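Input: a single structure, listed below in structure tokens.
The values are calculated or read from the model by the stated rules, or taken from the named source; none is laboratory data. Keep in mind the model is a prediction, meaning the values are calculated, not measured. In this analysis, Cβ positions are derived from the backbone assuming ideal geometry, glycine residues included, and neighbour counts consider all displayed protein chains.
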Amino acid sequence: MRRLAVLGHPVAHSRSPAMHNAAFAALGMAEEWSYEAIDVEPQGLEERLHEMPSEGFVGANVTVPHKGAALAGADELSEVAREVGAANTLSFAAGAIRADNTDAIGLIRSLPGRVRGRRALVLGAGGAARAAIWALAKEGAVVDVGGVDVWNRTAQRAEEVAVRLGGNPISRPDQGTYGLVVNCTSVGLCGEDPFEQLPLSPGKFADQVVVDLVYGERPSELLRAAEEHGAYVVDGIEVLVQQGAESFRIWTGIDPPLDVMRTAARP
Ligand code: ATR
């Protein structure tokens, strides 16, 4: 058996096991491959990672709050993981841990072509935001993003990450001027009102693409309002599926069935 897992804290809510196991089943690989969720506290991460290969694990995803520590604990880094400064995908081979970041490419693959030539606004400055800023600044050429503004509640963090990753820190974004708005903060996860906590108004959405990385059982308040006002919305499940598909390719060398993963990932 080749085992995979997502390591997080908390991690019970993760849709990754359902999504990857559905892909293994659809491809007839379930006898040989499995994917599970493992709750690991921050202080236990390094030890757990080093035990995993001897238990049959060939790789792992890491999620909140381990994306920075996973990078620091790896023996080898992909160029994207090093530049973003965070890892979400680990591979164990020949006694070494290799770290990749598939959040960046996952976001780019989730976007429709409608952002062409227009600026992007990234809200947040944590690990998810760093991948988004890097992706839009570097790979944004694929979808022709005309620049990346970065807003964060703690302005100093916006400055630090924007300077490092190729975005422009901004304190008062003009919502209607962006072709793309990406919420990479955790606002909405615990029922917070996005229009109180973020520099956005429901009435100022327009013909834009709006992405919310927060996902739950229902569409987020942010996406509901954006769609109502004419925006094209992309939810966190789509980004999860796209980053998961890229991790799947790294571990197995096989292209997974996206529709099977999408259906399984929906709570
Ligand atoms: P992750 O690695 O998943 O991105 P993180 O590093 O904890 O998680 O980042 C969480 C992001 O959500 C940060 O940008 C945080 O803003 P601060 O840097 O000011 O802490 C943002 N965030 C969390 N709660 C928020 C709130 N109530 N209002 C606005 N931003 C919030």
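Applying the selection to region 73-88, what residues are of a type outside the set (S, T, Y) and either in a loop (DSSP other than H, G, I, E, B) or crowded, with 20+ Cβ neighbours inside 10 Å (or both)?
Pass one, region 73-88, residues of a type outside the set (S, T, Y): 73-77, 79-88.
Once the filter is applied, which keeps residues that are of a type outside the set (S, T, Y) and either in a loop (DSSP other than H, G, I, E, B) or crowded, with 20+ Cβ neighbours inside 10 Å (or both), region 73-88 yields G73, A74, D75, V80, A81, V84, G85, A86, A87, N88.
Only one residue in Q242, Q208 is over 17 Å from the mean Cα position of the chain (by Cα), polar (S, T, N, Q) and crowded, with 21+ Cβ neighbours inside 10 Å. Which one?
Among Q242, Q208, only Q208 is over 17 Å from the mean Cα position of the chain (by Cα), polar (S, T, N, Q) and crowded, with 21+ Cβ neighbours inside 10 Å.
Six or more apart or on different chains, Cβ under 6 Å: which pairs go from a residue in region 74-93 that's touching a residue at least 60 places away in the same chain (Cβ under 8 Å) to one that's among the aromatic types (F, W, Y) and assigned to a loop (DSSP other than H, G, I, E, B)? Could you list them?
Note: no pairs meet the criteria.
Would you mind finding the one in G117, G147 that is surrounded by fewer than 23 Cβ atoms within 10 Å (Cβ to Cβ), farther than 19 Å from G85 by Cβ and free of Cβ contacts under 8 Å to residues at least 40 places away in the same chain?
Details: G117 fails: free of Cβ contacts under 8 Å to residues at least 40 places away in the same chain.
G147 is the lone residue from the list that is surrounded by fewer than 23 Cβ atoms within 10 Å (Cβ to Cβ), farther than 19 Å from G85 by Cβ and free of Cβ contacts under 8 Å to residues at least 40 places away in the same chain.
Considering A23, A60, A18, which residue is assigned to a strand (DSSP E or B), of a type in the set (A, V, I, L, M) and at pLDDT 95 or above?
Numbers: A23 fails: assigned to a strand (DSSP E or B); A18 fails: assigned to a strand (DSSP E or B).
Matching residue, one of A23, A60, A18: A60.
Taking the condition of being closer than 13 Å to G106 by Cβ and modelled with pLDDT under 90, how many residues in region 128-141 meet it?
To start, the set of residues in region 128-141 that are closer than 13 Å to G106 by Cβ comprises 128, 131-132, 134-136, 139.
In the following step, the residues that additionally are modelled with pLDDT under 90 were identified as 139.
The total comes to 1.
One line per residue, one yes/no per condition, for (1) touching a strand residue (DSSP E or B) at 6+ places or on another chain (Cβ under 8 Å); (2) more than 30 Å from Y232 (Cβ to Cβ); (3) of a type in the set (V, I, T):
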| residue | (1), (2), (3) |
| --- | --- |
| V11 | yes, yes, yes |
| P17 | yes, no, no |
| G28 | no, yes, no |
| I38 | yes, yes, yes |
| E46 | no, yes, no |
| A60 | yes, yes, no |
| I105 | no, no, yes |
| L111 | yes, no, no |
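Given the condition on the phi > 0 side of the Ramachandran plot and either surrounded by fewer than 17 Cβ atoms within 10 Å (Cβ to Cβ) or touching a residue at least 12 places away in the same chain (Cβ under 8 Å) (or both), answer yes or no: does some residue in region 17-27 qualify? Steps first, please.
Restricting attention to region 17-27, the residues satisfying the condition of being on the phi > 0 side of the Ramachandran plot are none.
Within region 17-27, none of the residues are on the phi > 0 side of the Ramachandran plot and either surrounded by fewer than 17 Cβ atoms within 10 Å (Cβ to Cβ) or touching a residue at least 12 places away in the same chain (Cβ under 8 Å) (or both).
When residues of region 246-267 are filtered for being part of a helix (DSSP H, G or I), free of Cβ contacts under 8 Å to residues at least 24 places away in the same chain and under 11 Å from A23 (Cα atoms), how many remain?
Quick first cut of region 246-267, residues part of a helix (DSSP H, G or I) only: 246-252, 258-265.
Imposing the further condition that a residue be free of Cβ contacts under 8 Å to residues at least 24 places away in the same chain reduces the set to 249, 258-259.
Now drop any that are not under 11 Å from A23 (Cα atoms), which leaves 258-259.
The qualifying residues number 2.
List, please: which pairs have Cβ atoms under 6 Å, are six or more places apart or on different chains, and start with a residue in region 124-136 that is within 9 Å of the ligand (Cβ to nearest atom) and end with one that is modelled with pLDDT under 95 and of a type in the set (K, R)?
G127/K67
Please verify whether I108 is buried (at least 18 other Cβ atoms within 10 Å of the Cβ), β-branched (V, I, T) and within 16 Å of the ligand (Cβ to nearest atom), treating the condition exactly as stated. Give the steps one after another, and end with the answer.
On the way: buried (at least 18 other Cβ atoms within 10 Å of the Cβ): yes; β-branched (V, I, T): yes; within 16 Å of the ligand (Cβ to nearest atom): no.
The answer is no for I108.
For residues in region 152-168 being more than 9 Å from the ligand (Cβ to nearest atom) and not in a helix (DSSP H, G or I), which is surrounded by the most Cβ atoms within 10 Å (Cβ to Cβ)?
So the residue we want is G167.
Does region 169-197 hold any residues that are within 13 Å of the ligand (Cβ to nearest atom), buried (at least 16 other Cβ atoms within 10 Å of the Cβ) and of a type outside the set (A, V, I, L, M, F, W, C), and which are they?
Those that are within 13 Å of the ligand (Cβ to nearest atom), buried (at least 16 other Cβ atoms within 10 Å of the Cβ) and of a type outside the set (A, V, I, L, M, F, W, C): P169, N183, T185, G188, P194.
Just a yes or no: is a residue in region 243-253 among the charged types (D, E, K, R) and in contact with a helix residue (DSSP H, G or I) (Cβ under 6 Å, 6 or more places away or on another chain)? Spell out the reasoning first.
Kept after step one, since they are among the charged types (D, E, K, R), are these residues of region 243-253: 246, 249.
Checking which are in contact with a helix residue (DSSP H, G or I) (Cβ under 6 Å, 6 or more places away or on another chain) leaves us with 246.
There is at least one residue in region 243-253 that is among the charged types (D, E, K, R) and in contact with a helix residue (DSSP H, G or I) (Cβ under 6 Å, 6 or more places away or on another chain).
Suppose we keep only residues that are assigned to a helix (DSSP H, G or I) and surrounded by fewer than 23 Cβ atoms within 10 Å (Cβ to Cβ) within region 225-235. Which one would you say is farthest from the chain's Cα centre (by Cα)?
Of the residues in region 225-235, the ones assigned to a helix (DSSP H, G or I) are 225-228.
In the following step, the residues that additionally are surrounded by fewer than 23 Cβ atoms within 10 Å (Cβ to Cβ) were identified as 225, 227-228.
Working: A225: 22, E227: 21, E228: 25 Å.
Checked region 225-235; the qualifying residue farthest from the chain's Cα centre (by Cα) is E228.
Given the criterion assigned to a helix (DSSP H, G or I) and surrounded by fewer than 17 Cβ atoms within 10 Å (Cβ to Cβ), identify the matching residue among E51, E31. Talk me through it step by step, then tell me what you get.
Numbers: E31 fails: assigned to a helix (DSSP H, G or I).
Sole residue among the options that is assigned to a helix (DSSP H, G or I) and surrounded by fewer than 17 Cβ atoms within 10 Å (Cβ to Cβ): E51.
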